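Worksheet for the structure shown next.
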Amino acid sequence: MSGFDPDWLALREPFDLAAREAAAQALDVPAFAARPRRRRGPDAALQVLDLGCGTGANLRALAPQLGGPQRWRLVDHDPQLLAVLPIALQSWALSLGWHAERTGAGLRIEAPRLSLDVVWQQADLAADLEGLRLDDTDLVTASALLDLVSADWLARWIARSRAAAAALCFALSVDDRLHWQPSDAADDEVHALFRAHQRRDKGFGPALGGAAVDVALPLLARAGYRCATAASDWQVDAAQGPAHRAMLAAMVDGIASAACEQDPAAVSRVRAWRARRHALLAEPSAMGLVVGHTDLLAWFD
Ligand SMILES: C[S@@+](CC[C@H](N)C(=O)[O-])C[C@H]1O[C@@H](n2cnc3c(N)ncnc32)[C@H](O)[C@@H]1O
């Protein structure tokens with residue numbers, strides 16, 4: 001879970017989806033989508049820009065909730081993820097019995113009550129925030145990105161979005177909550193190191209990590225946005241089968257590796273924590289993890 005390789009993104013996607021479905025019920029996404037649709041007219045495509053798209057998980061989660069005609073522009077700096085993106089989108093659409101075909105520069109997906117024109121582009125959002133075209137964009141969205149950026153980058157992005165009259169949807173920002181079942185005496189120390197590691201520079205300046213939504217809310221209010229948030233927590237439970245067990249193993253390893261990198265003096269205690277967690281996973285006994293995330297919608301009237 002240290003990088004953003006396609007396997008890690010695929011492993012987390014079902015947990016992201018379940019978490020976002022729970023949040024969507026509290027957030028009323030259809031009402032959120034209705035505002036720009038009213039401005040544009042019911043038959044015009046909603047123009048959506050997805051930042052840090054990876055292999056397209058945000059589109060797969062959000063597009064069905066938005067419904068109707070949509071045109072998505074997906075942006076990432078990683079060419080490997082962008083190479084996987086059209087394959088992942090096509091197989092997602094086909095698995096749902098929808099029609100998907102490659103167009104010249106992108107992909108077209110047709111489904112009942114949903115039509116999607118999708119294009120993608122490689123761009124470094126940290127290096128060239130101002131270079132990304134925003135005119136004619138109704139909605140800027142990102143999933144699992146806000147906690148990677150800095151307060152300065154976010155303030156500049158919000159200013160640009162407001163100037164373009166774009167609504168915002170930031171899904172799955174971590175919020176520092178981590179609860180293991182059962183707990184371990186070293187959880188607090190390991191979690192503190194992990195949280196500190198999440199705030200290291202990820203290319204955008206000091207990362208917001210678990211403070212992302214708390215920092216975003218006043219910035220958005222000052223820019224004139226109205227906001228709503230809802231918890232979108234991962235619920236991981238070893239008793240639910242192999243996918244959950246694989247996710248738990250990846251989380252144990254990822255947290256341990258980040259914690260060791262953060263404080264080499266704590267390596268022996270972190271490794272012991274990791275070994276105890278893996279030993280529990282190897283038993284039929286229950287082990288569970290809740291990872292706190294928050295989804296955020298921002299709009300203006
Ligand atoms: C945690 S992943 C989330 C991917 C996807 N949105 C999802 O939910 O599965 C963060 C994404 O941000 C992208 N990213 C990180 N830094 C970036 C940058 N400077 N410019 C563009 N994309 C970036 C990564 O390549 C990765 O795809």
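The values are calculated or read from the model by the stated rules, or taken from the named source; none is laboratory data. Worth saying up front: this structure is predicted, and the values here are computed from it rather than measured. Quick reminder, even Gly has a Cβ in these numbers, built from the backbone with ideal geometry, and neighbours come from all protein chains shown.
Restricting the first member to the stretch 162-187 and to residues that are touching a residue at least 60 places away in the same chain (Cβ under 8 Å) and within 16 Å of the ligand (Cβ to nearest atom), and the second to residues that are among the hydroxyl-bearing types (Ser, Thr, Tyr) and not in a strand (DSSP E or B), the beta-carbon pairs closer than 8 Å and six or more apart or on different chains are Leu168/Ser161; Leu168/Tyr225; Ala171/Ser232; Leu172/Ser232. Taken together, Ala83, Ala123, Ala100 contain a single residue that is touching a residue at least 12 places away in the same chain (Cβ under 8 Å) and among the small types (Gly, Ala, Ser), which is Ala123.
Restricting Gly203, Gly224, Gly210 to residues that are farther than 24 Å from Phe15 by Cβ, under 19 Å from the mean Cα position of the chain (by Cα) and not aliphatic (A, V, I, L, M) narrows the list to Gly203.
The strands (runs of 3 or more DSSP E) found entirely in the stretch 44-137 that carry 2 or more residues being among the polar types (S, T, N, Q) and within 16 Å of the ligand (Cβ to nearest atom) are 114-122.
For (1) within 30 Å of Ala26 (Cβ to Cβ); (2) at pLDDT below 95, each residue gets a yes or a no:
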{"position": "Ala44", "(1), (2)": "yes, yes"}
{"position": "Leu51", "(1), (2)": "yes, no"}
{"position": "Pro69", "(1), (2)": "yes, no"}
{"position": "Gln90", "(1), (2)": "no, no"}
{"position": "Leu94", "(1), (2)": "no, no"}
{"position": "His99", "(1), (2)": "no, no"}
{"position": "Ala111", "(1), (2)": "yes, no"}
{"position": "Val118", "(1), (2)": "yes, no"}
{"position": "Gln122", "(1), (2)": "no, no"}
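Candidates are the residues of the stretch 262-301 that are free of Cβ contacts under 8 Å to residues at least 12 places away in the same chain and in a helix (DSSP H, G or I); the one that is nearest to Ala223 (Cα to Cα) is Pro264.
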